[in-house]
1. Does region 107-116 include one or more residues that are of a type in the set (D, E) and under 28 Å from the mean Cα position of the chain (by Cα)?
2. Do you know which residues across region 117-126 are surrounded by fewer than 20 Cβ atoms within 10 Å (Cβ to Cβ), part of a loop (DSSP other than H, G, I, E, B) and not polar (S, T, N, Q)?
3. Residue by residue through region 263-302, note down the ones that are of a type in the set (A, V, I, L, M), open to solvent by less than 20 Å² (accessible area, probe 1.4 Å) and more than 23 Å from E219 (Cα to Cα).
4. Condition check: at pLDDT below 90, in the same structural domain as R394 (by the TED database), among the aliphatic types (A, V, I, L, M) and over 30 Å from S239 (Cβ atoms). Does L352 satisfy that?
5. Condition first: basic (K, R) and more than 19 Å from V346 (Cβ to Cβ). Now tell me which residues in region 371-428 satisfy that.
6. So the check is Cβ under 7 Å with 6+ separation or different chains; which pairs have a first residue in region 539-553 that's open to solvent by 30 Å² or more (accessible area, probe 1.4 Å) and a second one that's polar (S, T, N, Q)?
7. Which residue pairs have Cβ atoms under 6 Å apart, sit 6 or more places apart or on different chains, and have a first residue in region 476-490 that is in the same structural domain as P462 (by the TED database) and a second that is of a type in the set (S, T, Y)?
8. Return yes when L159 is in the same structural domain as E118 (by the TED database) and either within 21 Å of the chain's Cα centre (by Cα) or small (G, A, S) (or both) and no when it is not.
Amino acid sequence: VPEHVWRINLDTPEEAQQNLSFGAADRWWEQTDLTKLILASNKLQSLSEDVQLLPALTMLDVHDNQLTSLPSALGQLENLQKLDVSHNKLRSLPEELLQLPRLRSLLVQHNELSQLPEGLGQLLSLEELDVSNNQLTAIPTSFALLVNLVRLNLAWNQLKELPADLSAMKSLRQLDCTRNYLETVPPKLATMASLEQLYLRKNKLRSLPELPSCKLLKELHAGENQIEILNAENLKQLSSLCVLELRDNKIKAVPEEITVLQKLERLDLANNDISRLPYTLGNLPQLKFLALEGNPLRTIRRDLLQKGTQELLKYLRSKIQDDGPGPSEEPPVTAMTLPSQSKVNVHAITTLKLLEYSDKQAAEIPEAVFDAVGANPVATVNFSKNQLREIPPRLVELKDSVCDVSLGFNKISSISLELCLLQKLTHLDLRNNVLTALPEEMEALKKLHTINLAFNRFKVFPSVLYHLPALENILLSNNQVGSIDPVQLKGLDKLGTLDLQNNDLLQVPPELGNCENLRSLLLEGNPFRTPRAAVLAKGTAAVLEYLRSRIPS
């Protein structure tokens, strides 16, 4: 920063050196002190302690530089109301920052902070605090003192829990906790009476939080979690809700009580496990947007889903008049009772070519399930959500027809060679198991174009994947993969999606930029330093271009 910027209040302007007659506009001795200083988007690596020569500053903006620390002199800017130090390389904030009595907005997102000053709660005037996209694992308990805070952004950190003391923030209207590791929300948070928007996307929640006192809550975003049940009681407490976003969870049923949300305008339930809906959903008076794609809905035809919300609601309302589903609604189910009292849906085998035995917590698949197939060709097998420890050996009987196998959410630790004989396989879902390796024999699966290995225990990228030329999608998030071979990946010329989020990649090889067919490259949540989060946020094309620019010439 040029020296004269810091001295702008002190030095006499040049024109004063000349003996001129001044017009009213040029009376430099009546100038007020500098109140706003914007140094954003430069290449500053440090800020001078001389910033204290500008005591009248109300706003200081140094975002998007290369600062690794801040001067302690900032603590003397007692008029400062807004401080933006986001998109830098800060690893800590100076304690002196806590002496700013008038600070209303503090923006420190996209830095490298692993902790916040314990006394942050002393900034009693603070109304906006953004600490997103850092490496925070905990929140200081003094946060509870920020009673004037209106907006708090904690997204994209490494928080495993929220302190219950946050409930003391009586003015808080917006709380963003997207992309952390939260498994629960403290019940005390329910007392935040001013809360209007709550973002909990991309966490590890298993149920919707209970929010009995949040009478003003208008938006609840809880997509990409592990929510299985919508509790009717929880819904009843959310009478002011306008937006309820629950996509990419594991919700199986929508309770009739959803109709208490009379102000609901947007309801996103895409990509769940919902098989039927309450027809009374059609009666929600304000509903303008309803997303249901990616659910195994039995009672609603797929073409109807594509006609949009209004047609869908009209259909649901028409069904209420019919007084619920009559006998013709559900397809007839021919069930064979097995010795284990489990039922095989023979109708699904014959008409849908689907062999399903999922969500039974079974240690093995009963023989009768395979016996029921007979001579029928089966295209899809779903044995997910059981307690299987190995690939069922009789799968090989289906090798002439099966192309889609789901074995996710089991306890499988290794892949048997039977699986490698399913040469028509195009989709293989093995997520949420305990796999550490794949056998080289899987090279025989020449038609495989999607493999989901997320949430396993791979420490190395399975080398056999480099030899499967049809692969279009490799999903390997939430493992412990430490490196990838960009040259071999480039050989997979059909590869469009590579998901390596939440692994242990310490570096991203620049040559990965040569994989120009990639439409979706997901790398968030790894410990590498470059590309930085700001580059990742721009999307795949920008990341690939950045990587190519780093290839040594």
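1. yes
2. P117, L124
3. Correct list: I300 only.
4. yes
5. K385, R389, K399, K411, K424
6. Here the result reads R548/N514, each pair linking region 539-553 to a residue that is polar (S, T, N, Q).
7. Q488/Y466
8. For L159, the condition - in the same structural domain as E118 (by the TED database) and either within 21 Å of the chain's Cα centre (by Cα) or small (G, A, S) (or both) - is met.
The values are calculated or read from the model by the stated rules, or taken from the named source; none is laboratory data. Please read all numbers here as calculations on a predicted model, not as lab measurements. All Cβ positions, even for glycine, are placed from backbone atoms using ideal geometry, and neighbour counts span all protein chains on display. Ligands, DNA and RNA are stripped out before the accessible areas are found, and what is left, the full protein with its side chains, is counted by its heavy atoms. Shrake-Rupley method; radii C 1.70, N 1.55, O 1.52, S 1.80 Å.
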